[in-house]
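Below: one structure, written as C-alpha cells.
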Amino acid sequence: MTVETSAARILVVDDEPNIADLLSTALTFEGYQVGVAATGAEALEQVRTFRPHLVMLDVMLPDFDGNEVCRRLRNQGEQVPIVFLTARDTTQDKVEGLSLGDDYVTKPFSIEELTARVGAILRRTGELAAADTSILQFADLTMNIDTHEVWRDDLSIELTATEFNLLRYLLENARRVISKSELLDNVWGFEFHGDPNIVETYISYLRKKVDDRDPPLIHTIRRVGYTLRLPREG
C-alpha cells in the first residue's frame, strides 16, 4: 500500500445516500480526504484504487454484507483499519464485527463521537503517522522511507541502498507487473549502461531477505517482468 505525505484518506461505504453524504461532509470538514462506495464490490475496488487509511463500512449492503467485504480484504492482504457502522446492535453482531474490524458503531450515532473514534484508531494503528511520514506498506511488509527501515511481520530487514531502492519501487507499484527495463531506468537510472542482468541478481538478493518467510511476495512473471503481490492474487 502506497501512502504519500498528505491528509489521511477515509473510504465511506454505505448504500444510504443521506448517511454517506453526512459522513463525507463531516470527515472532509475534519481535514480528511473522503471516498464513497455504495456496494461491497465498489468498496473492494475503491480500496484498491483510492488506498484509504481507514474504511467506515456499513454491514447491510445491497450485494454482500460488510463482514464479507472485510473478510475479502483480509484475504487479499489488506490490513486497512475498518470501523463497522450499522443498525445491528445485538451482542452477537458486535462480537462478530469486532472480531473482524477495529471498531463497531451503531446507528443512530453522534458525528462528534464517530470522528473522535476515527482519529483514535488512526493514531493507534499508525495511519496518521503514515499519512505524514511516507510509509509504504503491503501485506505484512512495511517500509519507512524517512528512516530507511524495513520490516516484515515486525521483524527488521537489513537492506543495502540498491536493495532498498528496488524494494521501494516494487512497493510503490504493488500488484503491477514491472519490466526489467523500467526497473533499470527507475532504480539504476537512465544513464546506467552496465549488465541488465543486474536486475535478476538484486531480485534474488531481495527474495532471500524479504521472502524468507511465507507468503512469498516477490514474483517473476516470465517474459514480462516482476511484481510484488500475494500468491494467487489476480
Worksheet item: Accessible area per residue, 1.4 Å probe, Å², for the range 174-216: what's the number?
Response: 60 Å²
Discussion item. Within 10 Å of each candidate Cβ there may be at most 15 other Cβ atoms; applying that plus a DSSP loop requirement, which GluC sites (Glu not before Pro) in the range 163-234 survive?
Written reply: GLU191, GLU233
Practice prompt. Measure off 7 Å from each Cα along the Cα-to-Cβ vector at SER179 and ASN75, then give the distance between these two points in nanometres to one decimal.
Written response: 3.5 nm
Worksheet item: Assuming R0 = 45 Å, what is the FRET efficiency of GLU30 and PHE192, from their Cβ-Cβ distance, to the nearest 0.05?
Response: 0.50
Worksheet, complete the sentence: Restricted to the chain, the DSSP antiparallel beta bridge percent, nearest 5, is 50 percent
Worksheet entry | Bins of 10 Å from zero: percent of alpha-carbon pairs in the range 2-65 | 24, 54, 20, 2
Worksheet, complete the sentence: If the chain between GLU16 and ALA161 were fully extended at 0.36 nm per residue, the gain over the current Cα-Cα distance would be 47.3 nm
Worksheet item: How big is the range 138-234 in terms of Cα radius of gyration and Dmax, in angstroms?
Response: 12.8, 37
Worksheet item: Of ILE145, ALA37, THR227, which is farthest along the charge dipole of the chain in the positive direction, counting Lys and Arg as +1 and Asp and Glu as -1 at C-beta?
Response: THR227
Discussion item. Leaving out ligands, DNA and RNA, and with a 1.4 Å probe, what % of the accessible surface on the range 15-56 is carbon or sulfur?
Written reply: 54 percent
Fill in: By accessible area with a 1.4 Å probe, ligands and nucleic acids excluded, highest first: order of PHE190, PHE29, PHE138
PHE29, PHE190, PHE138
Fill in: Angstrom value of the Kirkwood radius, inverse mean 1/r, which spans all Cα pairs in the chain
19.1 Å
Worksheet, complete the sentence: Contour minus Cα-Cα span, THR39 to ALA116, at 0.36 nm per residue, comes to 25.2 nm
Response to the item:
With +1 on the Cβ of every Lys and Arg and -1 on the Cβ of every Asp and Glu, the dipole magnitude of the chain about its Cα centre, in debye rounded to the nearest 20, is 700 debye
Practice prompt. Express in nm, to one decimal, how much length is gained between ASP211 and TYR169 on full extension, taking 0.36 nm for each residue of separation and deducting their alpha carbon distance.
Written response: 13.5 nm
Fill in: Förster-model FRET efficiency, 35 Å R0, PHE109 and PHE64, C-beta, rounded to 0.05
0.90
Discussion item. Need one number: nm distance between label points at ASP154 and ARG223, each 7 Å from Cα along Cα→Cβ, rounded to one decimal.
Written reply: 4.5 nm
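The values are calculated or read from the model by the stated rules, or taken from the named source; none is laboratory data. Owing to the predicted nature of the structure, the values given are computational and were not obtained by experimental measurement. Glycine gets a Cβ as well: all are built from the backbone with ideal geometry, and neighbour counts include every protein chain shown. Protein only, heavy atoms only, side chains kept; ligands, DNA and RNA dropped before computing areas. Shrake-Rupley method; radii C 1.70, N 1.55, O 1.52, S 1.80 Å.
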